[in-house]
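The values are calculated or read from the model by the stated rules, or taken from the named source; none is laboratory data. As the structure is a prediction and not an experimental result, all values here were calculated from the model. Virtual Cβ from ideal backbone geometry, glycine too; neighbours counted across all protein chains shown.
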Amino acid sequence: MTSPTSAGGPRRAGIVGLGLIGGSIGLAMRRAGWFVTGADLDEATTRRALELGVIDAGGTDDQAEVTFIATPVGAVVDAARVALTAGSGAVTDVGGVKAGVVAAVDHPRFIGGHPMAGSELDGLDGADADLFIGAAWVLTPTETTDPDAFALVHGTIAALGAEVVAIEPDRHDAIVAVVSHVPHLTAAALMGVASNHAEEEQGPLLRLAAGGFRDMTRISAGHPGIWPDVCADNAEAITTVLDELLAELHHLRDIVVGRQRAELVDILERAREARLALPARSRKRATDVVEVRIPVPNRPGVIADVATLASELGVNVESLETADSTEYERGLIVMVVDAQASGRLRDALTAKGYHPLVRSVG
């Protein structure tokens, strides 16, 4: 990939779609020193973005090094194709479903993305430059992904404070059905049950709701506009998980009906242990890091192979760069990772036939 450059000027980025996520990207990118151009179907929203300092200019930028498509999922494919045709930079999106989008766009400079971050606030006025700090941001490289485009998007996102996780598009969709899509639908269903009972009780039920109920249903306060596209595009994975959840609920119902105290305690204890084992969202960046330098053949899919391996091992990649060696028809991938995790990454790479070199940074 040949990245567009701005001689003597700031790096340039584009954003298509100026809602909560697009606006937060704009604020974070501008804070990092980028010149940001943004566009929205609603011209009033574009004007508002200029007023709030979310973007530097309205419209599109064919010189953008990277363009973020922050539209609803149903509009991503068309917007990504337009951006890819207009310029020579990398293009990524922020949609909650990846397999269909990545397959439909099918371009080496397009890297499917999904920041696992959000807010109860709606739209542009809820934009926050700190929204992505410590949050997981998924990238879904494929065998045809341009290594330079991937490295550019990876580095840009990591610089915003996010922890980049690289996984295959299909696997992403299966995972988010469990950890995002079905939880949101479940919260909505529970809120609906409570609301119906509140009408019967003439109000006191919701006034008494506190603690756990509010925690469980908090995500149902998110904007509903994105969910029809998400559920349509990820219907198979979502229905599979819903079926599993229904089976679990039926099992719990049987336990409650049967007054099976020991079985109930066992289920609750296992759930408690699993919940406590979840990794905490950290806002502290690793300081003890090393470089892992990986000579690789110049072949399709190698960047996806290496990046997804690191994610599978739970190794947070602070930065990733690529370099080509035309003389030897080989390339080099340089990852900066937590020193404590570098050993298992090195061993796993070696087991796959690579010859990584770990060395200190500096």
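Odds and ends about this structure:
- Scanning segment 126-166 for residues that are of a type in the set (V, I, T), more than 17 Å from L20 (Cα to Cα) and in contact with a Leu (Cβ under 8 Å, 6 or more places away or on another chain) turns up V153, V164, V165.
- Residues located in segment 31-50, provided they are closer than 15 Å to G9 by Cβ and touching an Asp or Glu at 6+ places or on another chain (Cβ under 7 Å): F35, V36, T37
- Candidates are the residues of segment 130-141 that are in contact (Cβ under 8 Å) with a residue 60 or more places away in the chain and crowded, with 20+ Cβ neighbours inside 10 Å; the one that is farthest from V164 (Cα to Cα) is L131.
- Test for T186: is it farther than 30 Å from F35 by Cα, hydroxyl-bearing (S, T, Y), part of a helix (DSSP H, G or I) and modelled with pLDDT of 90 or more: yes
- Long-range neighbours under 8 Å by Cβ, at least six apart or interchain, first residue free of Cβ contacts under 8 Å to residues at least 60 places away in the same chain and under 23 Å from P183 (Cβ atoms) within segment 245-265, second of a type in the set (D, E, K, R) and surrounded by 10 or more Cβ atoms within 10 Å (Cβ to Cβ): I255/E263
- Among the residues of segment 41-59, those identified as in contact (Cβ under 8 Å) with a residue 40 or more places away in the chain and within 25 Å of A162 (Cα to Cα) are A49, L52, V54, I55.
- Per-region count, segment 154-177, residues among the β-branched types (V, I, T) and either without any contact (Cβ under 8 Å) to a residue 12 or more places away in the chain or farther than 15 Å from T308 by Cβ (or both): 4
- Selection over segment 108-143 of residues that are in a loop (DSSP other than H, G, I, E, B) and among the hydrophobic types (A, V, I, L, M, F, W, C) gives a count of 9.
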